[in-house]
Amino acid sequence: MLDLAYIPLLSKDRDEHFPLIIAGGPTPFNPAPVADFFDAMVIGDGEEVILEICDLALKVKEAKGRREDLLNLLSQLEGVYVPSLHSGDKKIHKRIVSDLNQASYPTCPIVPYMKVVHDRLSVEIARGCKRGCRFCAAGYIHRPYRERSPEVIQEIIKTSLRQTGYEEFSLLSLSAGDYSCIGPLLSTLMDRFESKKVAASFPSLRIESVVDIWRNR
């Protein structure tokens, strides 16, 4: 993408004429191998910090500030790592959205024209995992375990289905079967959407959680 946009690959080769290249997601938890490519990296949850980054970018632009001014401000945000300004003794603490019910969630996702593999509405019901399997990076990266309330999930699904026209929704988390209200939630959703021919699906499930879901339903 950078090549097609005629943007230099390395951060040190980009000046005022180029946008800042910022990374997020799982990769920044081990930033050293890719640090030379990015101007800044967000470590942890992005819902809150992305708004703070945008606010700072607007303020610097209005003040006719320079690239370095924005990078200096970004380096002061919790969870933001700026490789060019980072000193070895400073620790970066990951950003954590403590209450998923208060975090904004997109209820009007883009619907592709073409047929895609996961052609359905995806709704995150929980973040993190209770299991703590030693081999699973995602289980550690997304700690602590947090859940959305059944009421918020139902409202997200209702609004998103109306906006997109999807005929299937998926309840997503690292271990959806561990969601504390999964049985009652699934029953409520099926009763609500069965007449509209809207299907419910899950990602991969642990076999014992499948048994628990059936019993609780």
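The values are calculated or read from the model by the stated rules, or taken from the named source; none is laboratory data. Quantities reported herein were computed from a predicted structural model and do not represent experimental measurements. Positions of Cβ are backbone-derived with ideal geometry, glycine not excepted, and every protein chain shown enters the neighbour counts. For accessibility, only protein heavy atoms count, side chains too; no ligands or nucleic acids. Shrake-Rupley method; radii C 1.70, N 1.55, O 1.52, S 1.80 Å.
State which residue is farthest from residue 204 (Cα to Cα) when the search covers only region 157-171 and only residues that are assigned to a helix (DSSP H, G or I) and of a type in the set (D, E, K, R).
As a first pass, look at region 157-171 and keep what is assigned to a helix (DSSP H, G or I): 157-164.
From what's left, of a type in the set (D, E, K, R): 158, 162.
Details: 158: 23, 162: 26 Å.
That would be 162.
Only one of 74, 58 is more than 30 Å from residue 150 (Cα to Cα), surrounded by 13 or more Cβ atoms within 10 Å (Cβ to Cβ) and either acidic (Asp, Glu) or modelled with pLDDT of 95 or more (or both). Can you tell me which?
Within the list 74, 58, the selection yields 74.
List the residue pairs whose Cβ atoms are under 8 Å apart, where the first residue sits in region 1-14 and is among the hydrophobic types (A, V, I, L, M, F, W, C), the second is open to solvent by 80 Å² or more (accessible area, probe 1.4 Å), and the two are 6 or more positions apart or on different chains.
That search, which allows pairs on different chains as well, returns 2/9; 9/3; 10/36.
Is it true that residue 209 is within 20 Å of the chain's Cα centre (by Cα), small (Gly, Ala, Ser) and open to solvent by less than 50 Å² (accessible area, probe 1.4 Å)?
So residue 209 fails the test.
Is one or more of the residues making up region 29-39 touching a Phe, Trp or Tyr at 6+ places or on another chain (Cβ under 8 Å), open to solvent by 50 Å² or more (accessible area, probe 1.4 Å) and within 30 Å of residue 103 (Cβ to Cβ)?
No - not one qualifying residue is present in region 29-39.
Taking the condition of being within 11 Å of residue 44 (Cβ to Cβ) and of a type outside the set (Gly, Ala, Ser), how many residues in region 78-91 meet it?
Here the count works out to 3.
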